[in-house]
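Comments concern the structure below.
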Amino acid sequence: MPYNLEEVAVQILEFSEIREWSQFHSIRNLALALTGELGELVELIQWKTDDGVNDLLGDTQGRADFENEVADISIYLIRLCQQANINLSQVINEKLKLNEERFPVGEVRGKAD
């Protein structure tokens, strides 16, 4: 089972191509599907306190439901990047570098504003 992002992306691409789903995976459709899956994740924790969310994650079925939604979100995000020709690892690394400059540790440590 792959855990490396690039290996997972290959597995997702192969899964889609074998089923001939790329024809349906337009950037628009994938963005909408991603939004829907994010909504399903949010629905699991909506109206819960932080302790309630922790309880959900401590429950076997609740954790499984949460993990399944996170997986769905990740799969759609990876497919979206594939269709838009975006190297997800690269853009994440670039964004982290920008955030390091934008949010110097000495100025923002422990602050939420």
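The values are calculated or read from the model by the stated rules, or taken from the named source; none is laboratory data. Just so it is clear, the structure is predicted and the values come from calculations on it, not from any experiment. Don't worry about glycine lacking a Cβ; one is built from the backbone with ideal geometry, like all the others, and counts go over all protein chains shown.
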Residue satisfying condition, being in contact with a His (Cβ under 6 Å, 6 or more places away or on another chain) and over 16 Å from Leu38 (Cα atoms), within set Gln61, Gln83: Gln83
Residue, surrounded by the fewest Cβ atoms within 10 Å (Cβ to Cβ), within segment 42-58, restricted to residues that are under 18 Å from Asn68 (Cβ atoms) and β-branched (Val, Ile, Thr): Val42
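Would you mind stating whether Gln61 is in a helix (DSSP H, G or I) and within 18 Å of Asn87 (Cβ to Cβ)?
Details: in a helix (DSSP H, G or I): yes; within 18 Å of Asn87 (Cβ to Cβ): no.
It is false that Gln61 is in a helix (DSSP H, G or I) and within 18 Å of Asn87 (Cβ to Cβ).
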Could you pull out the residue among Asn85, Asn29 that is outside any helix (DSSP H, G or I), modelled with pLDDT of 95 or more and among the polar types (S, T, N, Q)? Asn85
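Quick one: which of Glu100, Glu67, Glu107 is within 25 Å of Gln11 (Cα to Cα), charged (D, E, K, R) and without any contact (Cβ under 8 Å) to a residue 60 or more places away in the chain? Before the answer, list the steps.
Details: Glu100 fails: within 25 Å of Gln11 (Cα to Cα); Glu107 fails: within 25 Å of Gln11 (Cα to Cα).
Just a single option satisfies the conditions, and that option is Glu67.
Quick one: is Leu5 modelled with pLDDT under 95 and either surrounded by 12 or more Cβ atoms within 10 Å (Cβ to Cβ) or of a type in the set (Gly, Ala, Ser) (or both)?
Details: modelled with pLDDT under 95: yes; either surrounded by 12 or more Cβ atoms within 10 Å (Cβ to Cβ) or of a type in the set (Gly, Ala, Ser) (or both): yes.
Yes.
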Run Cys81 past the list (1) surrounded by 11 or more Cβ atoms within 10 Å (Cβ to Cβ); (2) under 20 Å from the mean Cα position of the chain (by Cα); (3) farther than 26 Å from Glu40 by Cα and report the number of the one that doesn't hold. (3)
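Could you please find all residues in segment 23-41 being without any contact (Cβ under 8 Å) to a residue 12 or more places away in the chain and exposed (fewer than 14 other Cβ atoms within 10 Å of the Cβ)?
Step one: list which residues in segment 23-41 are without any contact (Cβ under 8 Å) to a residue 12 or more places away in the chain, which gives 23-24, 28-29, 32, 35-36, 39.
Gln23, Phe24, Arg28, Leu32, Thr35, Gly36, Gly39, listed by residue number.
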Out of Leu38, Leu56, Leu13, report the one residue that is under 12 Å from the mean Cα position of the chain (by Cα), at negative phi, assigned to a helix (DSSP H, G or I) and aliphatic (A, V, I, L, M). Leu38
Segment 59-76: number of residues that are within 12 Å of the chain's Cα centre (by Cα), surrounded by fewer than 15 Cβ atoms within 10 Å (Cβ to Cβ) and not charged (D, E, K, R): 3
